[in-house]
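Trainee: Here it is, the structure in full.
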Amino acid sequence: MKQIEPETFWKNYEEALGEKVLAYALGQYLTGWAEYEMPLWGLLIATDGGFRFHHFPHEGWIQALSRMSTGGDAPTEKTIFIPRDRLISVELRREKSLLKRIFVAGQPRFILRYRDSGGAEAELVAEADSKASIIVEKLQSR
């Protein structure tokens, strides 16, 4: 499998979107996306146009063999886009208790409140790495 340099990946990604990527972080979607109930790993991305979560499918050889023998479908990319004008608030919640941070491993919670296409308030929740604070800053500043 050919490796692509990060700079090239992001340049191509921006060209495909037609938007500037302002910040990104690795995260695990937990809840708030009606189409998908399972946790999904992917990228949390702040762009000029809004917020994106992009799940890139991965299938190990054991899963591929199992799928081929049972006739299942290969995993597919999953993306969500929330335009900037529909964002209500975005925050990164970290555990405040030192003991809980030490004994209960948990990533900060990325919480994005927005208006869905019908105008109702909705909330997307993901666990995120520490770089998610930059996403929060970029989405709050515009």
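The values are calculated or read from the model by the stated rules, or taken from the named source; none is laboratory data. No experiment lies behind these values; they were computed from the predicted model shown. Neighbour counts run over all protein chains shown; Cβ positions are idealised from the backbone, glycine included. Heavy atoms of the whole protein, side chains included, go into the accessibility calculation; ligands, DNA and RNA do not. Shrake-Rupley method; radii C 1.70, N 1.55, O 1.52, S 1.80 Å.
Trainee: Could you check the simple spin-label distance between residue 137 and residue 84, using points 7 Å along Cα→Cβ, in nm with one decimal?
Mentor: Result for the modelled spin labels: 1.7 nm.
Trainee: Going by average Cβ neighbours within 10 Å, how do the peptides 118-127, 23-32, 6-15 rank, with the highest at the top?
Mentor: Details: 118-127: 14.1, 23-32: 18.8, 6-15: 11.4.
Result, highest mean Cβ count within 10 Å first: 23-32, 118-127, 6-15.
Trainee: Also, quick follow-up: Heavy atoms only, 1.4 Å probe, whole protein assembly: order 135, 80, 88 by accessible area, highest first.
Mentor: Values: 135 0, 80 25, 88 70 Å².
From most accessible down to least: 88, 80, 135.
Trainee: Oh, and also: So if each residue of separation counts as 0.36 nm, and I subtract the Cα-Cα distance between residue 48 and residue 16, what length gain in nm does that give? Intermediate values should be presented prior to the final figure.
Mentor: On the way: separation 32, 0.36 × 32 = 11.52 nm, distance 1.37 nm.
Length gained, residue 48 through residue 16: 10.1 nm.
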